[in-house]
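Reviewing the structure listed below.
The values are calculated or read from the model by the stated rules, or taken from the named source; none is laboratory data. Bear in mind that the values here come from a model prediction, so they are computed numbers and not experimental data. Here Cβ is always computed from backbone atoms with ideal geometry, including for glycine, and neighbour counts include all displayed protein chains.
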Amino acid sequence: MGLFKTTYLKETFESFGKYVVQQSRSNLTKKKKNVSKTLYDSLGYDFRASGSGASFSFVFEMEDYGEFQDKGVSGIKKKYNTPYSYKNKMPPRGPIDKWVVRKGLKGVRDEQGRFVSRKSLSYLIQRHLYYNGIKPSYFFTRAFKLGFQKLPSDIRTAFKLDVEEFMKFTLKSIF
């Protein structure tokens with residue numbers, strides 16, 4: 001017998017993957033969480049079928065910090081419904097400083113009109129995140145849920161088409 005091909009299943013999952021990635025990117029841009037484009041560019045998916053076609057895997061990919069942006073992080077004072085939280089360590093200042101530079105936040109002044117250095121500004125943002133956390137944006141979660149609602153019926157249709165193709169091939173081989 002020949003190998004079972006997952007052509008229609010692959011097309012269905014790739015369509016699902018493209019939709020989720022496109023919507024996630026759109027959500028990042030709408031929520032103004034796309035400063036460096038690193039997270040935006042890292043969004044992707046991977047579909048792999050086994051050689052026999054009997055099994056496959058489908059995985060979404062993104063930068064590690066994407067999960068913190070999506071699900072949020074609880075601060076020590078402000079809590080969110082998330083598995084992540086700051087407990088006894090502040091977030092690293094290096095990435096915050098780079099973000100300040102990319103955002104172009106220079107020449108900032110405090111309430112009294114005094115100049116605030118970039119280092120001080122980075123520290124203030126770091127402290128703010130430590131106390132107040134990162135509010136969940138659900139940029140990926142929302143896109144995934146919307147795409148997933150339609151997926152079960154698409155999978156049934158694709159699997160049916162793949163089985164029909166397999167049966168045609170098998171019957172041709174036998175007769």
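Assorted remarks:
- Matching residues in region 103-115 - criterion: being of a type in the set (A, V, I, L, M, F, W, C) and under 23 Å from TYR86 (Cβ atoms): LEU105
- Test: residue in region 59-74 that is of a type in the set (A, V, I, L, M), exposed (fewer than 14 other Cβ atoms within 10 Å of the Cβ) and not in a loop (DSSP other than H, G, I, E, B): yes
This table checks each residue for (1) under 30 Å from VAL100 (Cα atoms); (2) touching a strand residue (DSSP E or B) at 6+ places or on another chain (Cβ under 6 Å); (3) among the acidic types (Asp, Glu); (4) at pLDDT 85 or above.
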residue	(1), (2), (3), (4)
GLN23	yes, no, no, yes
LEU28	yes, no, no, yes
LYS32	yes, no, no, yes
TYR40	yes, no, no, yes
ARG48	no, yes, no, no
GLY51	no, no, no, no
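- Just so you know, in region 99-124 the residues that are within 30 Å of GLY44 (Cα to Cα) and in contact with a helix residue (DSSP H, G or I) (Cβ under 9 Å, 6 or more places away or on another chain) include one that is surrounded by the most Cβ atoms within 10 Å (Cβ to Cβ), and it is VAL100.
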